[in-house]
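In what follows, a single structure is set out as structure tokens and then discussed.
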Amino acid sequence: MATVSMTVNGKPVSGEVEGRTLLVEFLREGLGLTGTHVGCDTSQCGACVVHVNGASVKACSVFAGSLEGAEVTTIEGMANSDGSLGVLQAAFREHHGLQCGFCTPGMIMSAADLLARNNDPTEAEVRHWLEGNFCRCTGYQNIVKAIMAAAAEMRGAPVAAE
Amino acid sequence: MPKDAGIGASSKRREDARFLTGTGQYTDDINRPGQLYCHFLRSDVAHGKITSLDTTAAKSAPGVVAVYTAEDLAAVGGVPCGWQVTDKHGEPMKEPKHPILAEGKVRHVGDPVVAVIAESLDAARDAAEMVALDIEDLPAAVNMADAINGGATVHDEAPDNICFDWGFVEENKQAVDDAIANAAHVTKLELVNNRLVANPMEPRVAIGDYDRARDEHTLYTTSQNPHVIRLLMGAFVLSIPEHKLRVVAPDVGGGFGSKIYHYAEEAFVTWAATQLAKPVKWTSTRSEAFLSDAQGRDHVTTIELAMDAEHNFTALRCSTLANMGAYLSTFAPCVPTWLHGTLLAGNYKTPLIYTNVKAVFTNTAPVDAYRGAGRPEATYQLERAIDMAAREVGMDPAELRRKNFIPTDAFPYQTPVAVQYDTGDYDATLTKAMELADAAGFEARRQESAARGKLRGFGIASYIEACGIAPSSLVGALGARAGLYEAATVRVNPTGSISVFTGSHSHGQGHETTFAQVVAEMLGCDEGAVDIVHGDTSKVPFGMGTYGSRSLAVGGSAEFSIEKHYSVEKFRFFDRKQLTGETITLFYAALSG
């Protein structure tokens, strides 16, 4: 066992972890942040995507012990400080980009990284970026729509009529 | 004019607030104080005899509290099947025991043999590797054709691996055979509806808890229907009366049918929690899901469509091998039979229909209802046969369908496969679809694609779907071992808000939003004043859950039928004060038609 210290959603945290403890286990069980989900055991599904030092990462594929001093953001850190939904979250709600909600945190975290790097993605770029995120409910159409709409709003562009 | 509230309005979902902020409560998010963790050691061969099993080393591994095998579960029932099918000779289906943990034999890869319970999941997994389990490989029956033709016997009760041999409608078989023998043209197709793994994004989880002082059991489970689990597990496996067993299905991350069934893992953790007087939590990995979740489809079918010289359908004959897997799952026998055979008329006036279904045991994961359960299989077989028939006789596939559609003046229409259709205008629907698809322009598009080296096709499927799986009297007559009603309680609270307790359960369907729309419209109040309560058998006394597209049809009807008993005017805002505290409970047991 070793102690690891990092910042999660702006707050300093530390905990005891084994060498094999995954970041997703540290978040869910160590810190009680259950918004990050485990959907597979092959790092394919993307339900566990978080941000580490500004980049999207699959929390099932990183050892917590390797993140000493890192800045981690999870879905719980994405709303505005007054609790209102961020632009991306609001767009998912507006465009019905979720049903059961299990893939949703990973989709939002993954999309947020895309939009931070590319604020005007084409639909093809959005779909390519999301290849590491699975959804079994929606068929992806409205997820893509939501991300495109969020990107437009963030750019201040007029949003196309439905 | 689009509405902004009530039925038909495009309301934004209430559920989204928690799902978008990571504050949903899925079963794995729940942790009970002092909980222990359960890990199953599963068979890695498809068929075998357990020749030796020694759990001594595992029992004394660090952090391990208990290690259980089938021997410890001798007083516990097996996992029940919820639907009995009678074969064409009037005999009940073969129903071998489905033990919670494998007894003597393993019958599919993933069959659970040993359960290790420890203070951490890692400790349980580490200890499982110390179990000394020897399995003598037996030949496995994996392919259905092989299984029924001398392949390895999966269960001694069914030496030929046939669970049942079902015919529908048996009295019509001779007439169908004659019509096919005398037909001007017969189209014959062999079709495979391949096996599917449901794979909802959320893997299964079960947490058993036991309050010794009150002798009360609680199961938290990723289920589409907590009341069904309470019934099957309480009555048939663990002998716990309803009032002592609470089943909670919180937020559930998708199901698609795979979370309908009562699973061995649910019964096991509930039982283990009672033995240890501590909560016991099991979380499936994705790999485990592939091995142990009920899978879908797996039909091999021969379909024959007979036509007269004018291309009228005169008869349909269908013969299916339906894979049950190694053990009968909750609804498995009804899927290839009642949910499939009764759809073989499709939209057509075929006068004679007969189907034979042989349900087959194999050394594979159990198969049960998945997204459409029997109806997509029927539609696929019928529509493929019609397309092939059109091709064979040189007729346009749309025109062949139009010629054979049930005409609008024939409703209500009694099909030869028991169901009666109340209404339909299939010709108009097809015309509209062809217009929207620009069928007329297809040939030009096909040529343009061909010029670019691409192939372009045009497909048609015209279908009817039976949803709801109700009412109780009908399904009971067909072999269901539980009623298939739905129930709703609408309570008017002292401050004027409305609480709706529904036996339906949302696992992505958005009932918290849509049912509020229905009730608000019916009672003439704000949607925001209506709260939908579901998923907890201690809060909602009765229900049958969500599957088969039934929740709005049956569950919503339960809510809506309140209007039949109380006039809407009584519920206008001012009058609601008169009804403060009144509770209206209704069982909506019948869907007509």
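Here are the numbers for this structure:
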quantity: Set of lysines with alpha-carbon distance to B:Lys454 below 16 Å, sequence-local pairs under 8 removed; calculated: none
quantity: The protein assembly as shown: calculated mean residue ellipticity at 222 nm from DSSP helix runs of at least 4, using -39500 (n - 2.57); calculated: -6500 deg cm²/dmol
quantity: Largest-first principal axis extents of the Cα set of segment B:1-49 (Å); calculated: 67, 35, 16
quantity: Cα gyration tensor category, rounded, prolate or oblate, for segment B:148-296 with a/c compared to 1.5; calculated: prolate
quantity: Rg and Dmax [Cα atoms of segment B:44-140; Å; Rg one decimal, Dmax integer]; calculated: 16.5, 57
quantity: Evaluated at q = 0.13 Å⁻¹: base-10 log I(q)/I(0), Debye formula over Cα of chain B; calculated: -1.36
quantity: Inter-chain Cβ neighbour average for residues B:506-513, partner chain, 10 Å; calculated: 3
quantity: Exposure proxy ranking, count of Cβ atoms within 10 Å, fewest first, for B:Tyr261, B:Tyr413, B:Tyr370; calculated: B:Tyr413, B:Tyr370, B:Tyr261
quantity: Amide H partners (placed H, <5 Å) of A:Val62, local residues excluded; calculated: A:Leu23, A:Val24
quantity: Pairwise FRET efficiency - A:Glu131 versus B:Glu443, Cβ, R0 = 45 Å, nearest 0.05; calculated: 0.80
quantity: Difference of contour (0.36 nm per residue) and Cα-Cα distance, B:Asp156 to B:Thr423; calculated: 91.3 nm
quantity: Spacing of the two label points (7 Å from each Cα toward its C-beta) at B:Arg402 and B:Glu310, in nm; calculated: 1.6 nm
quantity: Other protein chain Cβ atoms within 10 Å, averaged over every residue that makes up A:28-38; calculated: 4
quantity: Three principal axis lengths of segment B:371-508 [C-alpha, angstrom, descending]; calculated: 71, 39, 29
quantity: Rounded FRET efficiency, nearest 0.05, which uses the C-beta distance separating B:Leu196 from B:His89 and R0 of 30 Å; calculated: 0.40
quantity: For the protein assembly as shown, convex hull volume per residue from C-alpha positions, Å³; calculated: 197 Å³
quantity: Likely footprinting exposure, B:Arg550, B:Arg456, A:Arg20, fewest C-beta neighbours within 10 Å first; calculated: A:Arg20, B:Arg456, B:Arg550
quantity: 10 Å Cβ neighbours from other chains, averaged over peptide A:85-96; calculated: 3
quantity: When the convex hull of its Cα atoms is projected in every direction, mean area for chain A (nm²); calculated: 9.5 nm²
quantity: Rg [Å, one decimal], Dmax [Å, integer] - segment B:113-199, C-alpha atoms; calculated: 23.2, 72
quantity: Under 13 Å from B:Lys49, Cα to Cα: aspartates and glutamates that are on another chain or at least 8 residues apart; calculated: B:Glu103, B:Asp111, B:Asp134, B:Glu136, B:Asp137
quantity: Distant-in-sequence amide H partners of B:His185 (H built 1.01 Å from N, under 5 Å); calculated: B:Met307
quantity: Ratio Rg/Rh [Cα only; Rh per Kirkwood] for segment B:221-302; calculated: 1.02
quantity: Proxy reagent accessibility, fewest Cβ within 10 Å first, across B:Lys49, B:Lys188; calculated: B:Lys49, B:Lys188
quantity: Rg [Å, one decimal], Dmax [Å, integer] - segment B:243-349, C-alpha atoms; calculated: 20.9, 73
quantity: Counted charge near B:Asn194, where neighbours are those whose Cβ lies closer than 10 Å (Asp, Glu -1; Lys, Arg +1); calculated: +1
quantity: Rg/Rh (Cα only; Kirkwood hydrodynamic radius) as it applies to segment B:162-244; calculated: 1.29
quantity: Of B:Lys281/B:Lys539; B:Lys59/B:Lys105; B:Lys358/B:Lys539; B:Lys94/B:Lys278; B:Lys94/B:Lys259, those spanning more than 31 Å from alpha-carbon to alpha-carbon; calculated: B:Lys358/B:Lys539; B:Lys94/B:Lys278
quantity: Virtual spin-label span in nm between A:Ser81 and B:Ala74, 7 Å along Cα→Cβ; calculated: 6.7 nm
quantity: Vicinal HN-Hα couplings computed from phi for segment A:33-47 (Karplus, 6.51 cos²θ - 1.76 cosθ + 1.60; Hz; Gly/Pro x); calculated: 8, 8, x, 7, 10, 10, x, 7, 10, 10, 6, 9, 7, x, 5
quantity: Nearest-0.05 FRET efficiency for A:Lys11 and A:Ser61, computed from C-beta distance (R0 25 Å); calculated: 0.60
quantity: Relative contact order for chain B, counting Cα pairs under 8 Å that sit 6 or more residues apart, in percent; calculated: 16 percent
quantity: Cα-based shape type of segment A:74-162, given that a ≥ b ≥ c are square roots of the gyration tensor eigenvalues and the cut on a/c is 1.5; calculated: rounded
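Rule-based calculations on the coordinates, nothing more; no lab input. None of the values given here were measured: they were computed from a predicted structure. When we count neighbours, we look across all protein chains shown, and the Cβ atoms used for this are built from the backbone with ideal geometry, even at glycine.
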